[in-house]
Amino acid sequence: MPVLNAYAQLLAEGYLESRVGSGTVVSRSLPERTAKMQPTVQSKGLNHERRRVSKRCLHLASAQGFYRSRGVGPFTVSQMAFDHFPLAVWNSLVTRHTRSTQAKSLDYGDPMGLKVLRERIAEYLRIARGVRCDAQQIMIVSGSQQGLEVTTRVLLDPGDHVWMEEPGYRFARSVFACAGCNIVPVRVDAEGLNVAAGARRCAGARAVLVTPSHQYPLGVTMSASRRLQLLDWAESNGSWIIEDDYDSEYRYEGMPVTSLQGLDRNSRVVYIGTFSKVLFPSLRIGYVVIPEDLVERFVAARFAVDIAPGTFHQAVLADFIGEGHFARHIRRMRLIYADRRNTLIENLNHRFGPVVEMKGAEAGMHLSVVLNGISDREVSARGAQENLSLVPLSAFYLGRPAQQGFILGFGSTSVQQIPAAVHKLQMLMRARNVA
Ligand SMILES: Cc1ncc(COP(=O)(O)O)c(C=O)c1O
């Protein structure tokens, strides 16, 4: 039987031919090069001049460094305490949904996402973030990166000008660059994006991308007066505000800050959120809160990107939220991150004193330190050799001058690791005659 099965398989795949009366032979039509095929094509011999790619793609930020630096050591940014995630609960929900998968769940889902998940997110956003929305306006996307991609396709044309925070989120820049937009960097000061400076540089920009709850990377919270100025500018100019609210669940000081979208009276704000920070990034689930009149256009644009989101993990997440695990997880993690953040601040103060200027420690899972008088990229390269993940602040600027310093993530750095890591940082700085 195994021999007969092997013959049948080789016949089915065209490697053998059988002729009535003369038996089975190796197929004559088998091209010789298939038999000798190398597993990969050598790129050495290719004529690169004849292999044109788009001009836009030549200007995109490289993503290789991002992946390589993950988990390298203390201070990795955008990484959370994975070991504290309630995996047993999550796995039991996954099992429950695996067992209950039916034939009808195999079809494309709603392009806006699973209704029950959208209802739960809408409720959470109204209560926790002061977002004005109902489930009809919520589109589930594969992380906020895809949310921004779809939003850009709906709102912007090639050649349009877009304000971006300076310093700002590098991977958002790539989305606008891919869409052929012109990025206008607008400085961030102690109150957030400087609206007047933006208006002086390019009053007619079609859109602005902001992180008002916890500016990325500096961590500043946008002041109330700046929020109102930005909303006024957008309304009077017919421009759009894209609000990226990526990590506002964790706030350690002061009152919770509500969203910019919640202040908007003219439906000028597209609000984007994600589960990447508050749960885990491999989930790839985020959401866009769309102004009501644009929902149909967003659905059409979404079709052009990936038709609809996968349904399985949406259903798992809907139960995770609905059964109270989400709220419980946030409450638990807030205490853990607060501990890490306080330890980091204490150690930075102890080791560096007034030399270090800390920013953005009120919320989120990272803070930034400004350390002028050094080359942050040089220190960062030395840090990598010693397993210290020091993301250079200057890398987030488009223009000059760029402030020197580091973004220090404390999400995945335990309280026990912090003192030694800060000491290592001090040693690296001493070698540069600072601190
Ligand atoms: C400013 C900012 N926005 C959004 C995200 C999250 O992106 P996503 O939801 O696509 O994982 C990150 C992740 O690091 C971020 O730093």
Extreme residue, farthest from the chain's Cα centre (by Cα), among residues of segment 19-30 that are open to solvent by less than 90 Å² (accessible area, probe 1.4 Å) and modelled with pLDDT of 85 or more: Gly23
Number of the exception - Arg173 against (1) in a strand (DSSP E or B); (2) at pLDDT below 95: (1)
Residue list for segment 355-377, restricted to those being in a loop (DSSP other than H, G, I, E, B) and open to solvent by 40 Å² or more (accessible area, probe 1.4 Å): Glu362, Asn372, Gly373, Ser375
Answer from Ile321, Ile290, Ile330, Ile345 - the residue that is of a type outside the set (Ser, Thr, Tyr) and closer than 15 Å to Ser144 by Cα: Ile290
Residue that is nearest to the ligand (Cβ to nearest atom) [pool: residues in segment 212-235 that are more than 19 Å from Asp247 (Cα to Cα) and of a type in the set (D, E, K, R)]: Arg226
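Rundown of residues vs (1) in contact (Cβ under 8 Å) with a residue 40 or more places away in the chain; (2) open to solvent by less than 10 Å² (accessible area, probe 1.4 Å); (3) farther than 24 Å from Leu58 by Cβ, yes/no style:
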site: Pro158; (1), (2), (3): no, no, no
site: Val162; (1), (2), (3): yes, yes, no
site: Arg170; (1), (2), (3): yes, no, no
site: Ala177; (1), (2), (3): yes, no, no
site: Arg187; (1), (2), (3): no, no, yes
site: Gly192; (1), (2), (3): no, yes, yes
site: Ala196; (1), (2), (3): no, no, yes
site: Gly204; (1), (2), (3): yes, no, yes
site: Ala207; (1), (2), (3): yes, yes, no
When residues of segment 284-309 are limited to those that are touching a Ser or Thr at 6+ places or on another chain (Cβ under 8 Å) and surrounded by fewer than 18 Cβ atoms within 10 Å (Cβ to Cβ), the one nearest to Thr98 (Cα to Cα): Arg284
Any chance Glu191 is among the acidic types (Asp, Glu), within 12 Å of the ligand (Cβ to nearest atom) and on the phi < 0 side of the Ramachandran plot: no
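Helices (runs of 4 or more DSSP H) wholly in segment 62-166 with at least 3 residues that are within 16 Å of the ligand (Cβ to nearest atom) - which ones?
Hits in segment 62-166: 64-68, 115-129, 143-155.
Select from segment 333-354 the residues that are loosely packed, with under 14 Cβ neighbours inside 10 Å and on the phi < 0 side of the Ramachandran plot and write down the one among them that is nearest to the chain's Cα centre (by Cα).
Leu335
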Within segment 386-435, considering residues that are of a type in the set (Lys, Arg) and out of contact with any helix residue (DSSP H, G or I) (no Cβ under 8 Å at 6 or more places or on another chain), the one farthest from Pro167 (Cα to Cα): Arg430
Qualifying residue in segment 105-116 (condition: within 27 Å of the chain's Cα centre (by Cα), among the β-branched types (Val, Ile, Thr) and buried (at least 17 other Cβ atoms within 10 Å of the Cβ)): no
Residue match in segment 132-153 (condition: surrounded by fewer than 24 Cβ atoms within 10 Å (Cβ to Cβ), at negative phi and among the small types (Gly, Ala, Ser)): yes
Single residue of Ala384, Ala420, Ala338 found to be touching a Ser or Thr at 6+ places or on another chain (Cβ under 9 Å) and not polar (S, T, N, Q): Ala384
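The values are calculated or read from the model by the stated rules, or taken from the named source; none is laboratory data. Every value quoted in this text rests on a predicted model; they were computed, and no experiment measured them. Backbone-built Cβ (ideal geometry, glycine too); neighbour counts: all protein chains shown. The protein model used for the area step is the full one, side chains on, heavy atoms only, and it has no ligands, DNA or RNA in it. Shrake-Rupley method; radii C 1.70, N 1.55, O 1.52, S 1.80 Å.
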